[in-house]
Amino acid sequence: MIRRREFITLLGAAGAAWPVGAKAQARLVIGVLDSRARVAAIEDRLRALRQSLSDAGYEEGKNLAVEYRWGQNQLDRLPELARELVSVGVSVIVTSSHEAAFAAKTATASIPVVFIAAEDPVRLGLVTSLARPTSNLTGVNFLGNELTGKRLDLLRQLLPTANRVAILVSPASVTNTQITTRDAEAVAPAMGLHIQFVNADNIDQIDAVFASLERDRPDALYVDLLPFFSSRRVQIVQLASKLRLPAIYGQRQFAEAGGLISYGADISDAWRQAGTYAAHILKGVKVAELPVIQSSKFEFIINLATARALGLTVPPTFLARADEVIE
């Protein structure tokens with residue numbers, strides 16, 4: 001007969017002998033696929049994702065495990081990373097860009113994918129309908145590149161005498177560049193703006209672009225909304241400041257880093273919404289029951305300190321429209 005103390009000891013030894021993977025399987029697992037490197041600026045968005053999961057009862061490190069995969073700004077790595085997440089056996093994949101979403105879509109037709117995308121997902125071909133997705137994908141469209149005309153209009157209002165605007169795009173992100181080019185060329189003539197596109201796909205090319213801008217001296221700069229540019233925002237903002245070049249950006253983080261003005265969706269809120277959808281799926285809700293969300297929360301940020309440094313006078317009416325003015 002085994003005494004009670006001996007029995008408990010045996011149970012403890014057996015538990016210690018269980019493989020780590022077997023313990024992890026007791027938790028639900030989700031995947032996060034991001035094309036960038038994991039840097040401090042992304043942590044706010046991850047916190048928003050984790051908070052919405054926590055609000056639904058899923059705590060990372062307790063009853064939920066999260067497998068992160070980072071593309072290190074190399075889009076060609078995304079398919080392999082997506083396949084890794086599938087092999088791990090995640091219950092849902094959250095992706096932070098349309099490139100990551102397509103990689104996940106190619107890797108699996110059965111695991112639900114919740115995307116966060118700056119472009120119209122129907123036009124991209126991610127889904128056939130916003131109201132009722134018919135595949136394993138749904139998510140959040142934060143209307144990033146659809147706001148090109150609005151951003152150029154804001155730039156024009158702040159700089160009424162400007163007529164030459166350089167637009168920084170990344171040829172590696174083919175879809176983004178096509179959308180921004182098309183939309184900018186459609187609205188620029190009516191605004192009296194002459195557009196010049198400049199290209200950068202890596203850190204050295206960003207430096208080279210600003211060296212060319214120093215020679216060409218456009219009146220203003222528009223930075224396309226891309227994960228890579230966001231990850232290099234300090235570099236971009238500092239180079240624009242060095243040239244005393246007024247610039248508009250698509251995310252508030254640029255204005256917080258010293259950029260002149262930004263206009264775009266609250267992307268942390270988009271991550272929160274993605275977390276809510278991931279939680280619904282973990283609870284058994286079908287993707288077809290989760291329509292694609294379009295962001296309705298937008299932020300117009302003015303860095304008044306930067307405006308003063310550039311010698312710009314910002315009209316009170318323009319300031320009054322801002323959601324936040326950074327002094």
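Pairs of lysine in the chain with Cα under 18 Å and at least 8 positions apart or on different chains: total?
So the count works out to 4.
Quick check on the chain: what does the Kirkwood estimate of hydrodynamic radius come out to from the alpha carbon pairs, in Å? Write down the numbers at each step before the final one.
On the way: mean 1/r = 0.0468 Å⁻¹.
Hydrodynamic radius (Kirkwood, Cα only) of the chain equals 21.3 Å.
Before rounding to the nearest 500, sum -39500 (n - 2.57) across all DSSP H runs of length at least 4 in the chain and divide by the residue total; then give [θ] at 222 nm in deg cm²/dmol.
-13000 deg cm²/dmol
Among 254, 318, what is the fewest-to-most ranking by other Cβ atoms within 10 Å?
Ordered from fewest to most neighbouring Cβ atoms within 10 Å, 254, 318 come out as 318, 254.
Restricting to DSSP loop positions (anything but H, G, I, E, B) with no more than 16 other Cβ atoms inside 10 Å of their own Cβ, which trypsin sites (Lys or Arg not before Pro) remain in the stretch 130-186?
The qualifying sites: there are none.
What is the order of 80, 99, fewest Cβ neighbours within 10 Å to most?
Result, fewest neighbours first: 80, 99.
Using alpha-carbon positions, what is the distance between the centroids of the stretch 107-184 and the stretch 281-327, in Å?
Taking the Cα centre of the stretch 281-327 as reference, the centre of the stretch 107-184 is 16 Å away.
Output the antiparallel fraction of DSSP beta bridges having both residues in the chain, as a percent to the nearest 5.
Numbers: 5 of 44 bridges.
Of the beta bridges lying entirely in the chain, close to 10 percent run antiparallel.
If I require 27 Å or longer along the helix axis, counting alpha carbons, and a Kyte-Doolittle average no lower than -1.0, what helices from the chain are left? Use full DSSP H segments.
Correct list, ordered by number: empty.
What order do you get for 95, 306, 128 when you list them from fewest to most C-beta neighbours inside 10 Å?
Lowest count first: 128, 306, 95.
Check residue 89: other-chain or 5+ apart residues with amide H under 5 Å from its amide H, H built from backbone geometry?
When sequence neighbours closer than 5 places are left aside, there are no close amide H contacts.
Every number in this text was worked out from the coordinates using simple rules, so none of it is lab data. These numbers come from a predicted model, not from an experiment. Note that we place each Cβ from the backbone using ideal geometry, even for glycine, and neighbour counts take in every protein chain shown.
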